[in-house]
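What follows is a short report on a single structure.
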Amino acid sequence: MTTENTINIKNRKASFEFAFIDNYTAGLQLTGTEIKSIREGKANINDAFCVFTKNELFVRNMHIAHYFNGTYNNVEEKRDRKLLLNKQELNRLQGKLKDQGLTIIPLRLFINEKGYCKLDIALAKGKKLYDKRQDIKKKDNDREMQRKMK
């Protein structure tokens, strides 16, 4: 089993907190010690979100731990990291973000077949409390149905 298949860091609370509208896969601009740390599985995207700065998309609050053998090459753990999307996708996202209540959140951090680090992001709208209650009720009902089937 190769490392490309094992690195799959998910944002589990995203589907509970947000309703997804559109999904994209973006590359990440990283330093050498950051990618080594990600390959060890030492990253967290639970509190991360994406923002536009000068027509470029950055992910904020994504935690990548210091690489143990990194010495002076290590960078700040929660620095802003640039997302690599083509211009059409950036323009589409920026246009949709002008709608009230929409945000861009990371869903999954993984390493593809070529060895590049990729981030699945989604244009999302925050759920209301009653939507969350309905999701919990549906999940409980599905769990009960699975128990009865066994």
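No lab work stands behind these numbers, since they all come straight from the coordinates. Nothing here was measured: the structure is a model prediction, and the numbers come from that model. Here Cβ is always computed from backbone atoms with ideal geometry, including for glycine, and neighbour counts include all displayed protein chains.
A few comments on the model shown:
- Summing Cβ point charges (Lys, Arg +1; Asp, Glu -1) relative to the Cα centre of the chain gives a dipole of roughly 580 debye.
- A simple charge model with +1 on the Cβ of Lys and Arg, -1 on the Cβ of Asp and Glu and nothing else charged puts the dipole of the stretch 44-93 at about 200 debye relative to its Cα centre.
- Distances between placed amide hydrogens fall under 5 Å for Gln29 paired with Lys82, Leu84, all partners being 5 or more residues away or on another chain.
- Per-peptide packing, taken as the mean over residues of other Cβ atoms within 10 Å, places 115-128, 94-107 in the sequence 115-128, 94-107 from highest down.
- Contact order, relative form, for the chain: 33 percent (alpha carbon pairs under 8 Å, 6 or more residues apart, mean separation divided by residue count).
- Given R0 = 41 Å, the distance between the Cβ atoms of Asn44 and Lys148 translates into a calculated FRET efficiency of 0.65.
- Charging the Cβ of each Asp and Glu at -1 and of each Lys and Arg at +1, and nothing else, the dipole of the stretch 90-150 about its Cα centre rounds to 240 debye.
- Sites Phe68 and Asn8 - FRET efficiency at Förster radius 22 Å, r taken between beta-carbons, to 0.05: 0.50
- The modelled label-to-label distance for the pair Phe52/Lys114, using points 7 Å beyond Cα in the direction of Cβ, is 2.6 nm.
- Sorted from greatest to least, the principal axis extents spanned by the alpha carbons of the chain come out as 55, 42, 25 Å.
- Listed by chain and number, the lysines whose alpha-carbon sits under 16 Å from that of Lys137, ignoring those within fewer than 8 places in the same chain, are Lys127, Lys128.
- Leading residue at positive end of dipole, the chain (Cβ point charges), from Thr31, Asn8, Ile136: Ile136
- For a paramagnetic label modelled on Gln100 (point 7 Å from Cα along Cα→Cβ), amide N atoms under 13 Å away are absent within the stretch 47-84.
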